[in-house]
Amino acid sequence: MAPFAQALQVSFQSKSDDDTFHYRCELDPGWVIGAVPQGGYSLGVIVETCIQYQSGSSHPDPIHVSAHFLRATHPGPGQVQVKLLKSGKTFTNILAELVQQGTTRVTAHLLFGDLSPSRPSQEQRILLPPSPYARRLPLYSHPSTVSRDAIVPPWAKKMHVRMAADAVLLSHNDPNHASRTTSESVGGGGTLWGAWYELSHTDDKLTTSSIPFFCDSFVNLPNLLPKSEPGSARGKRSWCPTIAMTVEFKARIPSSDDHSTRTVGLYSEARFMNDPEGRHNARVEVWTAPSQIGHGDIAEGWRDDQYCIAVADQVALVLPAELNIRQGTKDSQARL
């Protein structure tokens with residue numbers, strides 16, 4: 001199993017007459033859920049390709065990605081095809097497709113720009129601490145004070161990752177929690193989840209193209225519902241494939257020693273589940289981390305130093321786990 005940074009690597013192949021650039025990729029069998037490469041990992045390969053495509057330009061940073069997962073990917077070789085749609089003063093629009101065995105598996109529209117901090121002379125249009133309107137780190141514990149979970153979700157067992165789920169957030173999903181809704185409630189409902197999550201391979205580190213993987217590393221709504229709920233998937237062999245996903249990159253990966261190079265904070269909330277196929281939503285925030293899980297010291301004001309790297313929204317289904325195995329091993333005719 002390759003370190004994650006290596007599993008994301010691509011190499012330029014050729015340029016066609018219609019100005020489409022072709023890059024070779026290899027989806028690693030170690031970064032799969034069941035038999036299918038994790039959706040965020042597959043999208044990360046596309047992001048890595050487009051970062052290479054944009055290298056040396058005035059718009060080196062992904063700002064927003066919107067992807068649709070048309071068919072299941074599978075471990076093995078593939079090709080990412082990149083085509084420029086528009087290049088302006090502030091943004092560059094790119095269309096990219098991940099192709100395996102001649103079939104488009106994932107298609108994505110990417111917006112690139114420049115995430116460099118504003119110069120002091122420029123007008124600041126930001127919402128950060130100490131503003132009372134600023135979003136704060138939504139996890140309750142410092143990563144140094146928690147231990148990694150002894151039992152990890154099935155989708156994380158094959159990967160070189162470790163996590164420490166936030167017990168306070170998980171308690172919000174209890175049947176008797178005060179957040180349960182009634183006929184008199186206004187809004188509310190759904191489930192919460194959060195964790196400190198890190199790459200365990202010592203050669204790994206956070207990269208921009210790894211962010212979609214973290215955006216897709218959470219416990220889905222059906223697996224957080226108690227068994228008493230009709231939509232619960234607890235205790236069942238199920239698979240929650242992503243069918244659409246957007247990622248907004250809020251800031252660059254931190255480069256200072258004040259943040260971990262392999263750990264992020266994850267927070268997710270889900271509100272809705274509908275037919276067909278248990279279609280449900282998730283909103284995920286990816287935050288910086290002050291240290292690795294179970295390591296480091298708590299510095300005064302550490303929460304003020306954490307910031308959100310990315311926010312993602314996705315739509316997923318609830319399907320039998322057996323379908324995952326079939327999809328991950330079938331040829332190019334496999335489809336969701």
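All of the numbers you see were taken from the coordinates with simple rules; none came from a lab. All figures in this text were calculated on a predicted structure; none of them were measured in a lab. Don't worry about glycine lacking a Cβ; one is built from the backbone with ideal geometry, like all the others, and counts go over all protein chains shown.
How large, in Å, is the stretch 222-275 by the Kirkwood hydrodynamic radius built from its alpha-carbon pairs? Kirkwood hydrodynamic radius for the stretch 222-275: 15.1 Å. By other beta-carbon atoms within 10 Å, ranking Leu128, Leu8 with the fewest at the front produces Leu128, Leu8.
Any idea what % of Cα-Cα pairs in the stretch 1-153 are farther than 18 Å? Of the Cα pairs, 66 percent sit more than 18 Å apart. For the stretch 174-245, the list of trypsin sites (Lys or Arg not before Pro) that fall in a loop by DSSP and count at most 11 other C-beta atoms within 10 angstrom reads Lys227, Arg237. Taking Glu285, Glu26, Glu322 in turn, the Gaussian network model of the chain (Cα-Cα springs below 10 Å) assigns the largest fluctuation to Glu322.
Divide the volume of the convex hull around the Cα atoms of the stretch 262-333 by the residue count and you get 160 Å³ per residue. Each Cα pair under 8 Å and six or more residues apart adds its sequence gap; the mean of these over the residue count of the chain is a relative contact order of 20 percent. Rg of the Cα atoms in the stretch 183-336, relative to 2.2 N^0.38 Å, amounts to 1.19. Across the stretch 1-67, the relative contact order, built from alpha-carbon pairs under 8 Å that are at least six residues apart, equals 26 percent. Computed about its Cα centre, the charge dipole of the stretch 155-283 is approximately 360 debye, with only Lys, Arg, Asp and Glu carrying charge at their Cβ.
Taking H as built 1.01 Å from N, whose amide H comes closer than 5 Å to the amide H of Ser238, not counting residues under 5 places away? Under 5 Å from the amide H of Ser238 lie the amide H atoms of Ala321, each far enough along the sequence or on another chain. Compute a Gaussian network model of the chain, connecting alpha carbons closer than 10 Å, and tell me which residue from Asn176, Asn220, Asn324 fluctuates the most. Taking springs between Cα atoms under 10 Å, the residue moving most is Asn176. Once backbone amide H atoms are built at 1.01 Å from N, Ser260 has Ala289, Ser291 as its partners under 5 Å, excluding neighbours fewer than 5 places away on the same chain.
In terms of overall dimensions, the stretch 159-201 has a Cα radius of gyration and Dmax of 14.6, 49 angstrom. 3J(HN,Hα) along the stretch 284-289, derived from phi through the Karplus expression 6.51 cos²θ - 1.76 cosθ + 1.60 where θ = phi - 60°, amounts to 10, 10, 10, 10, 5, 10 Hz, with x in place of Gly and Pro. Scattering from the stretch 128-226 was approximated by placing one identical point on each alpha carbon and applying the Debye formula without solvent; log10 I(q)/I(0) at 0.20, 0.24 1/Å stands at -1.20, -1.39.
Cross-link pairs exceeding 27 Å between alpha carbons, from the set Lys86/Lys205; Lys158/Lys236; Lys89/Lys205; Lys205/Lys250: Lys86/Lys205; Lys89/Lys205. Hydrodynamic radius of the stretch 88-132 by the Kirkwood approach over all distinct alpha-carbon pairs: 14.3 Å. Sequentially through the stretch 38-45, phi angles give Karplus couplings (6.51, -1.76, 1.60; θ = phi - 60°) of 4, x, x, 5, 4, 5, x, 5 Hz, Gly and Pro residues having no value and appearing as x. Residues whose amide H comes within less than 5 Å of that of Arg105, counting only those at least five positions distant or on another chain, are Leu98, Val99, Gln100 (H built at 1.01 Å from N in the peptide plane).
Calculated on the Cα set of the stretch 1-84, radius of gyration then Dmax: 13.1, 40 Å. With contacts taken as Cα pairs under 8 Å and at least 6 residues apart, the stretch 1-152 reaches a relative contact order of 20 percent. The GluC sites (Glu not before Pro) of the stretch 101-207 that meet both conditions, a loop assignment by DSSP and at most 14 other Cβ atoms within 10 Å of the site Cβ, are Glu123, Glu184. Of all the options Ile211, Ile293, Ile151, the one that moves most in a Gaussian network model of the chain with Cα springs shorter than 10 angstrom is Ile151. Anisotropy class assigned to the stretch 169-265 is prolate, per the alpha carbon gyration tensor with a/c at or over the 1.5 cut-off and a/b larger than b/c.
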